[in-house]
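*Asks:* One structure, as structure tokens, below. Some questions next.
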Amino acid sequence: MGGGEITEEVSERKETNLNAKKKIFVAGGTGDTGKRVVEQLLSKGFSVKAGVRHLEKARTLLPNHNPSLQIVQADVTEGSAKLAEAIGDDSDAVICATGFRPGWDLTAPWKVDNFGTVNLVEACRKLGVNRFIHISSILVNGAAMGQLFNPAYIFLNVLGLTLVAKLHAERHIRKSGINYTIIRPGGLRNDPPTGNVVMEPEDTLYEGSISRDQVAEVAVEALDHPESSFKVVEIVSRTDAPNRSYKDLFGSIKQN
Ligand SMILES: NC(=O)c1ccc[n+]([C@@H]2O[C@H](COP(=O)([O-])OP(=O)(O)OC[C@H]3O[C@@H](n4cnc5c(N)ncnc54)[C@H](OP(=O)(O)O)[C@@H]3O)[C@@H](O)[C@H]2O)c1
């Protein structure tokens, strides 16, 4: 489907048993953040279905011979029906770590970061998967928060309206009826964490950065913390920030 209106009600709501280890579908499982999400889920005892565009690439990047990891082909631009097949009837939640890959196609952000995410949400609605954790970005709503001339806001939107595409996708998630956590990180770093996670409400952070390890951790921890439900959280890390529990961090953000 092409990112339009919500077409049908969530067909079935799955009960949440926080103590049982579940199967989690990770879209964008070969990405710099996605692969960390996969690794952290596995190390916490979850079963993982990694949705990837290229199976061969995934086999070289993701842990080998782990019986808890399944790798499936899933291009988010190919529509919700195909994605529903990939997610299957055995996934309990979806973590979306996709992002367009820069190239000549200036519509790629719209196709991947907006329509692709909408397709994932619609696939979840078809299947009755009622937990969606989405990695977005700070500044998606930059224009409304007085950051129209923030260089990062300008740069990312010049690259094919990336932040606007992400904002549209977020709106679709928020009105889907699915239990969501939208995580908006600051600039992503590959190096290990150097500070503690700072978590703030939507449309408050306009600068800062964070290790991808911590972004993956926040996404995985959201699964185990009901305090994260129906929330948009913005995250960066700071060396002078206190070390707070995830219950406390998620609990401090108001529900939408
Ligand atoms: N870079 C930053 O500083 C920054 C800051 C804030 C937020 N973010 C956002 O955080 C998220 C993760 O960023 P990242 O840098 O870790 O990501 P990344 O390394 O660029 O990975 C992007 C992932 O999306 C996948 N993907 C691209 N097009 C797809 C499609 N049509 N269907 C399915 N999967 C597709 C890629 O697959 P392949 O591996 O096959 O290419 C890859 O797995 C992104 O949404 C990004 O925009 C980034």
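*Asks:* Per-residue ellipticity at 222 nm for the chain, helices alone: DSSP H runs ≥ 4 residues times -39500 (n - 2.57), over residue total, nearest 500 deg cm²/dmol? Show your work: numbers first, answer last.
*Replies:* On the way: 8 runs with 76 residues, N = 256.
After summing the helix terms and dividing by residue count, I get -8500 deg cm²/dmol.
*Asks:* Can you bin region 125-212 into rounded, prolate or oblate? Criterion: square roots of the alpha carbon gyration tensor eigenvalues sorted a ≥ b ≥ c, rounded for a/c under 1.5, prolate for a/b above b/c, oblate for the rest. Provide the component values of the computation, followed by the final result.
*Replies:* On the way: a/c = 1.99, a/b = 1.27, b/c = 1.57.
Oblate.
*Asks:* If every alpha-carbon in region 22-251 counts as one equal scatterer, what log10 I(q)/I(0) does Debye give at q = 0.08, 0.13 1/Å?
*Replies:* Here log10 of I(q) over I(0) equals -0.26, -0.71.
*Asks:* Express in Å², to the nearest 10, the accessible area of K82 obtained by rolling a 1.4 Å probe over the protein heavy atoms while all chains stay in place.
*Replies:* Ignoring ligands and nucleic acids, K82 comes out at about 110 Å².
*Asks:* Okay, moving on. Mind checking the dipole of region 22-251: about its Cα centre, +1 per Lys or Arg Cβ, -1 per Asp or Glu Cβ, Debye to the nearest 20?
*Replies:* Numbers: 26 positive and 26 negative charges, 77 e Å.
Value, rounded to 20: 360 debye.
*Asks:* Could you give the length gained by full extension between I154 and E78, i.e. 0.36 nm per residue of separation minus their alpha carbon distance, to one decimal place?
*Replies:* Using 0.36 nm per residue and subtracting the Cα-Cα distance, I get 24.5 nm.
*Asks:* Residues in region 217-239 near a label at Q255, defined as backbone nitrogen under 17 Å from the 7 Å Cα→Cβ point?
*Replies:* Zone members listed by number: 222-233.
*Asks:* Would you mind telling me the antiparallel percentage of the DSSP bridges in region 150-256, rounded to 5? The partial results should precede the final answer.
*Replies:* Numbers: 6 of 14 bridges.
In region 150-256, DSSP labels about 45 percent of beta bridges as antiparallel.
*Asks:* Okay, next question. At a probe size of 1.4 Å, how large is the accessible area of S47, to the nearest 10 Å²?
*Replies:* 40 Å²
*Asks:* Still on this structure: How large is the dipole of region 120-256 about the Cα centre if only Lys and Arg carry +1 and Asp and Glu carry -1, each at its Cβ, rounded to the nearest 20 debye? Working shown, then result.
*Replies:* Values: 15 positive and 15 negative charges, 107 e Å.
Here the size comes out at about 520 debye.
*Asks:* List the longest stretch of the chain that has no exposed loop site; here a site is one of the chymotrypsin sites (Phe, Trp or Tyr not before Pro) assigned by DSSP to anything other than H, G, I, E or B, with at most 14 other Cβ within 10 Å. Let's see the in-between values first.
*Replies:* Working: sites that count: W104, F149, F230.
Longest gap between qualifying sites, sites excluded: 1-103.
*Asks:* Among the lysines, which have Cα under 21 Å from the Cα of K35 when same-chain residues fewer than 8 positions away are ignored?
*Replies:* By straight Cα distance, K35 reaches K21, K22, K23, K44, K49, K57, K166.
*Asks:* State the percentage of accessible surface on region 22-251 attributable to carbon and sulfur atoms; use a 1.4 Å probe and exclude ligands, DNA and RNA.
*Replies:* Carbon-and-sulfur percentage of accessible area, whole number: 54.
The values are calculated or read from the model by the stated rules, or taken from the named source; none is laboratory data. Please read these numbers as outputs of a predicted model, since none were measured by experiment. Neighbour counts are summed over all protein chains in view; Cβ atoms, including those assigned to glycine, are modelled from backbone coordinates with ideal geometry. Ligands, DNA and RNA are stripped out before the accessible areas are found, and what is left, the full protein with its side chains, is counted by its heavy atoms. Shrake-Rupley method; radii C 1.70, N 1.55, O 1.52, S 1.80 Å.
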